[in-house]
Structures are given as structure tokens and as C-alpha cells.
Amino acid sequence: MNIEKSRISPLQFMFAIMCFIRSSSLLSSFFTPIVNQDSWLVIIFGMIVSLPVLWIYISLSKAFPKSNLIEINDLVFGRIGGKIISAFYLWFFFTLTALNLRDLGIFVGKSTMSKTPPVLIIIVFILLCAWAVYYGLEVVTRYGIVFILISSAILLLSFLVSINIMHRESFLPILNQPLKSYIQGTNIITMIPFGELVVFLMIVPYVDFKQKKLVRYFMGGFLLGGLLLLAVILRDLAILGNTLKYFSLPSFETLRIIRLFDSLGHMEILFAILLIILLFFKVTLLFYISLLALSYWLKIETFRPFILPVAALLVAYSFIMFESSMQQTAFAREIIPFFWPIFEMLLPFITLIVAYIRELPKKNREKEKEDVKV
Amino acid sequence: MLNKFKKFLFLLMVFILVFTASGCYDIRELDSLYIVTGMAMDKAEQPGLIEVSVQIAKPGALGSGGGGDKKGGGGEEKATIIIDSVKRNVIEALEALRHDSSRTLFMHHNQVLIFGREQAEAGILPYLDASMRDQETRLEVMVLVADEKAKDVLNTEIKAEKYSAVGIRRMVDNKRSISKFFGIDLLTLVSKLTEETTSPLLPIIKIVEEEDLTRLSLTGMAVFKKDKMIGKITEYQLRGYSWVMGELKSGYLPVKLKQGSSVMYVKSSKNKLNTIFKPDGKPIMSMEIEGVFSVGELMGFEEMDTKQIVDELKKGAEQAIRKEIMSCFKSVQSMKADIYGFGDYINKHHPKKWKTLKPQWEELFPSLELDLKIKVEIKDTGKILQSPQMEIGRLS
């Protein structure tokens with residue numbers, strides 16, 4: 001069974017990871033009110049904490065280089081156990097997709113089209129995503145590099161034109177808050193953009209690289225993406241200072257404030273463009289991964305007939321998920337940090353341990369050698 | 001053949017969709033809008049209510065040349081309308097205005113937010129939320145306090161400007177070229193209010209009645225404690241404040257000496273703030289202020305050569321700066337208002353010490369000591385090297 005026939009280059013894979021992390025900078029308001037001026041530190045902490053988690057992912061995909069997450073589950077936990085665990089993952093992937101879809105609908109509404117019903121925006125958007133997903137992984141990831149270039153160019157530009165309104169004092173005092181808030185902030189940042197990299201376990205087998213290079217590209221994407229995220233927070237913090245915690249879209253307000261002379265100002269439309277292209281990438285990737293997981297779970301040959309029904313389900317799901325944006329922020333702050341680790345740490349870790357206890361990686365390697373001989 | 005037909009059908013669909021399905025969902029035409037240029041908030045006569053007035057660019061006057069053709073028309077017709085409403089909340093009042101008029105309010109171009117004096121004294125914080133939360137308003141709107149009633153300020157015409165709110169904004173911008181602290185936008189105000197011990201300042205705008213015209217003038221700053229106005233500082237004292245904040249970019253400094261007097265232009269200023277802690281834990285704010293000047297005008301100084309004059313001027317300028325700083329500092333000390341954000345500075349640079357200082361800051365600030373080191377540099381004497389007066393003095 002082999003649904004995805006195209007292969008992507010390691011570089012595309014790396015840019016996909018970068019884009020995936022970068023798009024989370026739109027969600028910085030989940031942790032900015034908790035840690036205020038130390039928001040940037042929390043990102044660094046989050047990156048450090050995420051390293052062992054990434055190690056789990058990398059070891060898993062090294063142990064089973066030819067299988068995606070759903071197949072790994074089948075191999076490790078047997079047919080029935082694998083199906084059950086995969087069902088959890090399936091739910092997780094769908095929820096992530098729907099969450100990001102919802103974010104897009106709300107953010108576009110908040111930032112530019114305040115009176116357009118979000119459902120319209122979301123439907124148009126998911127149709128575009130469905131179109132990309134129809135053509136498979138290669139198309140889904142192809143534009144990662146372009147999006148990263150555009151977003152980095154906008155970031156650089158905004159840095160250059162806002163140097164005069166940045167305040168060094170915004171970052172002080174450093175590390176002067178209760179330990180609890182650092183733990184909470186680090187947890188959120190680890191769970192929301194970095195831990196979500198678990199979805200990439202679904203596409204690693206379709207990347208064209210040699211075993212050893214996997215670490216380099218996986219880590220490279222993670223570090224570069226993290227640095228971009230850090231740069232965004234540093235800019236917002238330097239400009240907004242202690243008012244950072246008030247805004248639900250700090251980057252949007254930052255770009256709104258920046259102005260060059262009297263005429264050239266109000267660059268928030270750049271933010272809107274950025275928001276749409278980055279979330280397009282993220283939602284498309286998540287949508288694709290959900291469908292891939294679904295088809296492997298059901299053991300069907302192609303997911304194409306499922307694209308539109310699943311899209312419809314996602315739109316509905318994203319709407320019934322929360323009643324208000326306050327509820328969503330509360331969910332992100334209070335529930336995700338305890339719930340997501342199950343999918344992002346616990347399950348992968350158990351899978352890895354069980355795999356090693358059953359000595360599957362060794363058998364796998366031997367089997368592969370035999371395959372080559374044959 | 002079929003393929004071609006399919007392609008044609010596809011293109012046709014694209015065309016039809018592009019021309020019919022595109023467009024703005026919440027379209028608002030210019031002639032259905034009231035473009036708000038200024039907003040004023042006054043305490044209403046009834047307790048607990050607020051009077052919100054908005055200045056609207058008159059639809060007919062929009063786009064018809066600058067202020068120039070007003071004179072030609074002969075009739076002194078105003079280019080703005082003021083509408084107001086008394087309600088409990090800002091949004092309530094704005095909604096009332098929205099529904100009570102033929103057009104909808106368009107807030108994107110709001111230039112100024114003026115609080116009436118009585119409202120400023122009663123507290124402004126509850127009324128800032130709406131301006132921050134609304135999607136149409138911007139954070140760079142200038143916030144001011146009217147000397148009396150804010151609505152009257154909006155009602156006063158400015159000679160060269162068509163819309164007085166735009167005029168007020170330009171007045172503030174002009175002042176801001178001296179030092180950025182002369183005008184405060186909403187973001188800065190909120191930022192200062194967020195620093196727990198800092199007292200924000202807001203410029204005061206006053207209606208000046210002269211014989212045949214009434215005009216507006218910016219005079220000094222209102223000092224706030226938390227969000228309530230408690231006093232004023234003058235323009236002179238405000239310069240003292242700007243020296244401490246290290247943000248004086250232009251303006252002048254009059255220097256009076258025994259031998260003569262001079263006016264010097266401020267080129268730039270810098271301040272290095274530092275905190276020294278006395279053995280008993282009390283802080284002293286130490287500053288190294290550096291001012292760069294050029295000579296604007298000299299009077300007197302007979303029989304002195306340039307070097308002597310420069311030395312004298314340096315001493316004089318140092319004195320003058322010290323006086324300006326102390327005048328402001330003494331005045332706000334008596335108000336117990338930490339307008340400089342010294343408390344916040346200690347919090348940022350010595351967070352551990354701040355924990356013990358914070359509860360007693362209210363008592364500490366009035367007795368706080370300053371340690372001033374002022375360095376004056378005179379870079380330029382202007383177009384002439386010696387004053388004609390000096391020459392004459394030497395000859396006689």
C-alpha cells in the first residue's frame with residue numbers, strides 16, 4: 001500500500017517545518033499575558049525543552065524509516081492495538097486542523113474583514129486547501145520556501161523601519177516573575193508550535209534523504225523556525241513594551257503602529273497577507289496529514305474521494321468547537337498544556353520504548369537487508 | 001473538440017465568477033459615512049454619565065481644496081459638525097450617535113482624543129478601554145486634556161486649518177519635534193498607566209480669548225496620579241522633565257549671566273540614568289546629562305573673547321538646565337507624582353531592591369535625592385563668530 005508516490009527533497013521538508021513553526025507566531029497571545037516581558041526567554045526555554053521531544057521523533061523515524069506514524073503504530077502495537085492508538089492520533093490531527101482553520105477565520109475577521117461571517121472565509125479557504133491537497137505532498141510543501149522568504153522579508157522590513165520606536169527597556173527586568181508563570185509559558189510554547197511537529201512523523205518516509213541527514217534537516221528546520229518566532233516576539237515586545245499583554249494580536253498592533261513619515265504607515269495589511277499565506281500552508285499540511293492518516297487507518301488506496309466530505313466536516317468541527325474566542329484562549333492556556341502532551345510526548349515515547357523492547361528496529365533493519373538482497 | 005469546449009466553459013465560469021462574486025462584503029461608500037476627526041469626553045452634569053462629542057468633517061466640504069477657498073467663499077461656514085450624546089459608556093454614546101444620524105461614524109481617521117478637565121480629575125481609565133478595543137480606532141491617536149470643557153476645544157476654529165482636530169494634531173506634532181514627551185499617544189499613555197508607580201503626563205489644551213479671535217494653545221502638561229489628574233506643570237518645567245528623560249531634540253535655552261545674556265538652541269541631549277543606594281537602602285537617582293547647543297543670540301559680553309564667552313556660557317547653561325530640572329522635580333515631588341518613572345527604572349534594573357522599596361515608594365519619592373552631573377557642549381556659533389556689540393565694546 002502506497003498512497004503517496006511523490007517524494008519531496010530534504011530542503012522542502014526543512015522549509016515545511018520552518019513554515020509550520022513560523023505560522024504559530026500569530027498565536028503569541030496565548031502566552032504573552034502570562035510572562036510579559038520575558039516572552040522571548042520563554043521561547044528559548046521552549047526550544048530547549050523541545051529538544052528531547054524531537055529526539056523521540058527522530059529516533060522513531062530512524063527506527064522505521066519506511067513507515068509513517070500510523071504504520072508504525074500497527075507494527076509496534078499489533079493490529080488492534082495499533083488501530084486504537086492511531087484513532088487517537090487521527091482525532092488529534094483533525095482537531096489541530098480544525099483549530100487552525102478556526103484561527104484563520106477569527107483572525108481574518110478581527111484584522112481586516114470585521115463584518116464578513118467567518119464561515120464564508122473558512123469555506124473559501126478550505127476549498128483552496130483541498131485543491132492543493134488533491135495533488136499530494138509535493139504540491140503541499142512546494143511553496144514553503146517562498147512563504148518563508150516572503151515572511152522573512154516582511155519581518156526584516158518591519159525591523160528596519162521600526163528601529164526608532166523600539167525600546168531596550170521593554171525587556172527589563174529579566175527573570176523577575178514567579179517560577180510558575182515561566183513553567184506555564186514554556187509549557188504552552190512547547191506544546192503549541194514545537195510539539196505539534198509530531199505531525200511530521202506522517203511525512204518523513206516520503207522525504208528523499210539518507211539516514212544521517214534526517215537529524216540535520218529536522219533540527220535545522222526546528223532551530224531556524226524557532227529563531228524566526230523569537231525574532232517576531234522580540235520585535236513586538238520592543239515596540240509594544242509593557243502593553244504587549246493587552247493585545248490579542250500583538251504583531252498586528254505592532255505593524256499598525258509602525259509608520260514611515262506621514263504617508264507611509266499602517267502596514268497591517270502586510271500582516272494580513274502573512275497571516276493568510278502562513279495559515280494556508282499550515283492548514284493545507286495538516287489537512288493533508290489528516291487525510292493521509294485516515295486512508296492508512298482505513299487501509300484504502302486513495303484519499304481523493306474523501307477530500308470534500310472531510311473538508312465539510314472540518315468546517316463544521318471548527319465552528320462547534322468553541323463558543324467564543326475567550327473560551328478558545330482559555331482552552332489554549334489551561335487545557336492544551338495537559339492534554340497535548342499525551343499525543344506529543346507520551347504516546348511517541350511509549351511507542352519508542354515498546355518498539356525497542358520488542359526489538360523491532362533490529363528486525364526491521366534485518367528485513368530491509370534481506371529485501372535489498374532479494 | 002470536447003476538450004476545447006470544456007476549456008471555454010471553464011474560462012467563462014471564471015469570468016462570470018470574477019465579475020459577480022467579488023467585492024466587499026461590508027462595503028461602505030464615502031457618502032454614507034461621517035468621518036470622525038476628533039473626539040472629546042466630558043463629565044456630564046448628571047453623575048456617572050459621560051458626554052461624548054465627536055467632530056465630523058462636513059461631507060460637502062470634503063475634498064474641496066484646502067483651507068484656501070474658505071476665504072474666497074466669503075461666508076465663514078464651518079467645515080465641521082459637532083455631535084454629542086450623554087450616556088453611561090463610550091460605546092453606548094457612540095452607538096447613539098450612529099443611530100441618531102443619517103450616516104455611520106467612521107473612526108479610522110480620528111486624530112485626537114480630548115478629555116475635559118473635570119473628567120480628567122475624576123479618572124480617565126474607564127473610558128480608554130473602548131478606544132483600545134475597537135477595531136476602527138488607532139493607538140496613535142493623540143490624547144489631550146482640555147483646560148475646561150473638551151467639547152468647546154473641538155468647537156474652536158483654527159485659522160489656517162479646515163478641521164480643528166487636524167489642526168490640534170499638527171500643533172501637537174510641532175511640539176513633539178522639540179521632545180517626544182510634548183505629545184502623548186494612546187499607546188504611550190496606556191504603557192505609562194501600566195507601570196504601577198509612574199504618573200502619566202498629558203498636554204493641556206487651552207482656549208485663549210484675544211480681542212478679535214479665539215485660538216487654541218498648548219500650555220504645559222497635566223500630571224496624573226494613576227488615572228486622575230492632580231496638577232499641572234508648566235512648559236518651563238516640562239523642559240526640565242525632558243532633560244531628565246534625555247529626549248530634547250530642539251528648542252532653546254535662555255541663559256542669563258552677569259556679563260550679558262544669550263539664547264542657545266538645543267541640538268540634542270542625552271541622559272545616563274543610574275541608581276545609587278545609600279547604606280540605609282534609600283536610592284539616589286544619579287544622572288549624567290549631556291546637552292549639545294549652538295549659540296542663537298548674544299547680548300552684552302563686552303570686552304571678552306570668544307573662548308571666555310563660551311566658557312561663561314557653558315557655566316550659565318549648566319545653571320539654567322539645573323534650574324529647569326529642579327523646578328520640575330520639586331513641583332512633582334510635592335504632588336507625590338513620579339512622572340519620570342524612576343520607580344519603574346529601579347524595578348527594571350534592580351528588581352530585588354524594588355520589592356522592598358515598592359510599598360514605601362509613595363513616601364520615598366517626595367524625599368528622593370537627585371545627583372546631577374551636567375555637561376554642556378557648544379558646537380556652533382552660528383553664522384557670525386563675534387557679535388557686533390562685542391566689537392564695539394572692545395573699541396571704545
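The values are calculated or read from the model by the stated rules, or taken from the named source; none is laboratory data. Bear in mind that the values here come from a model prediction, so they are computed numbers and not experimental data. When we count neighbours, we look across all protein chains shown, and the Cβ atoms used for this are built from the backbone with ideal geometry, even at glycine.
All conditions but one from (1) away from every other protein chain (no Cβ under 14 Å); (2) crowded, with 17+ Cβ neighbours inside 10 Å; (3) outside any strand (DSSP E or B); (4) in contact with a strand residue (DSSP E or B) (Cβ under 8 Å, 6 or more places away or on another chain) apply to B:K192; the one that does not is (1). Restricting the first member to the range B:339-352 and to residues that are facing chain A (nearest Cβ under 8 Å), and the second to residues that are buried (at least 20 other Cβ atoms within 10 Å of the Cβ) and not small (G, A, S), the beta-carbon pairs closer than 6 Å and six or more apart or on different chains are B:N347/B:W354.
Select from the range B:266-286 the residues that are assigned to a strand (DSSP E or B), of a type outside the set (G, A, S) and in contact with a Leu (Cβ under 8 Å, 6 or more places away or on another chain) and list them in ascending order. Talk me through it step by step, then tell me what you get.
Going residue by residue through the range B:266-286, those that are assigned to a strand (DSSP E or B) are B:266-277, B:283-286.
Now restrict to residues that are of a type outside the set (G, A, S): B:266-267, B:270-277, B:283-285.
Selection gives B:V266, B:P283, B:I284, B:M285.
Give the residue, chosen from B:G220, B:G183, that is touching a helix residue (DSSP H, G or I) at 6+ places or on another chain (Cβ under 6 Å), under 20 Å from B:G246 (Cβ atoms) and without any contact (Cβ under 8 Å) to a residue 60 or more places away in the chain. Result: B:G183 is the single residue among B:G220, B:G183 that is touching a helix residue (DSSP H, G or I) at 6+ places or on another chain (Cβ under 6 Å), under 20 Å from B:G246 (Cβ atoms) and without any contact (Cβ under 8 Å) to a residue 60 or more places away in the chain.
Between B:L253, B:L218, B:L248, B:L238, the distinction of being within 15 Å of the chain's Cα centre (by Cα), part of a strand (DSSP E or B) and under 28 Å from B:A320 (Cβ atoms) belongs to B:L218 only.
For the range B:169-180, filtering for residues that are under 22 Å from A:R256 (Cα atoms) and either surrounded by 21 or more Cβ atoms within 10 Å (Cβ to Cβ) or not assigned by TED's automatic domain parsing to the domain that holds B:M221 (or both) leaves 2.
Taking the criterion of being within 29 Å of B:D380 (Cβ to Cβ) and either in the same structural domain as B:Q319 (by TED's automatic domain parsing) or touching a His at 6+ places or on another chain (Cβ under 6 Å) (or both), would at least one residue in the range B:274-284 satisfy it? No, that holds for no residue. Only one of the listed residues (A:L313, A:L285, A:L278) is in a helix (DSSP H, G or I) and either farther than 28 Å from A:A87 by Cβ or more than 23 Å from the chain's Cα centre (by Cα) (or both). That residue is A:L278. A single entry from A:I154, A:I148 fulfils the requirement of being more than 14 Å from chain B (Cβ to nearest Cβ), assigned to a helix (DSSP H, G or I), closer than 17 Å to A:I269 by Cβ and within 21 Å of the chain's Cα centre (by Cα): A:I154. Looking only at the range B:175-190, decide whether some residue is of a type in the set (D, E, K, R), under 30 Å from A:F107 (Cα atoms) and under 9 Å from the mean Cα position of the chain (by Cα). Within the range B:175-190 (the criterion being of a type in the set (D, E, K, R), under 30 Å from A:F107 (Cα atoms) and under 9 Å from the mean Cα position of the chain (by Cα)), the answer is yes, since at least one residue qualifies.
Pairs meeting the criteria (first residue in the range B:128-142 and more than 9 Å from chain A (Cβ to nearest Cβ), second residue among the β-branched types (V, I, T), beta carbons under 6 Å, at least 6 apart or on different chains) are B:A130/B:V90; B:A130/B:I91; B:S131/B:T137; B:M142/B:V112; B:M142/B:V172.
Considering the range A:64-95, the residues that are crowded, with 22+ Cβ neighbours inside 10 Å and among the aliphatic types (A, V, I, L, M) include one that is farthest from the chain's Cα centre (by Cα), namely A:V76. Here B:H108 meets the list (1) in contact with a strand residue (DSSP E or B) (Cβ under 7 Å, 6 or more places away or on another chain); (2) in a loop (DSSP other than H, G, I, E, B) almost entirely, failing just condition (1).
Taking the residues in the range B:268-298 that are in contact with an Asp or Glu (Cβ under 6 Å, 6 or more places away or on another chain) and hydrophobic (A, V, I, L, M, F, W, C) as candidates, determine which candidate is surrounded by the most Cβ atoms within 10 Å (Cβ to Cβ). Looking at residues that are in contact with an Asp or Glu (Cβ under 6 Å, 6 or more places away or on another chain) and hydrophobic (A, V, I, L, M, F, W, C), I get B:V292. Criterion first (assigned to a helix (DSSP H, G or I), more than 24 Å from A:F287 (Cα to Cα) and either touching a Cys at 6+ places or on another chain (Cβ under 6 Å) or touching a residue at least 12 places away in the same chain (Cβ under 8 Å) (or both)) does A:F45 satisfy it? Yes. Considered as a group, the residues in the range B:1-57 that are within 30 Å of the chain's Cα centre (by Cα) and among the hydroxyl-bearing types (S, T, Y) include one that is modelled with the lowest pLDDT, and that residue is B:Y34. Each residue in the range A:317-355 was checked for being of a type in the set (K, R) and free of Cβ contacts under 8 Å to residues at least 40 places away in the same chain, and 0 of them qualify. There is at least one residue in the range A:234-241 that is away from chain B (no Cβ under 14 Å) and not in a loop (DSSP other than H, G, I, E, B). Checking each residue of the range B:299-319 against the condition of being surrounded by 21 or more Cβ atoms within 10 Å (Cβ to Cβ) and outside any helix (DSSP H, G or I) gives at least one match.
Conditions tested, residue by residue: (1) farther than 30 Å from A:Y182 by Cβ; (2) at pLDDT below 90; (3) in a helix (DSSP H, G or I).
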position	(1), (2), (3)
A:S23	no, yes, yes
A:W40	no, yes, yes
A:E71	yes, yes, yes
A:G78	yes, yes, yes
A:W91	yes, no, yes
A:K110	no, yes, yes
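Scanning the range A:159-178 for residues that are modelled with pLDDT under 85 and either in a helix (DSSP H, G or I) or closer than 20 Å to A:I21 by Cα (or both) returns A:V161, A:S162, A:I163, A:N164, A:I165, A:R168, A:E169, A:S170, A:F171.
Select from the range A:253-275 the residues that are at pLDDT 75 or above, within 14 Å of chain B (Cβ to nearest Cβ) and part of a helix (DSSP H, G or I) and write down the one among them that is farthest from the chain's Cα centre (by Cα). The qualifying residue farthest from the chain's Cα centre (by Cα) is A:I257.
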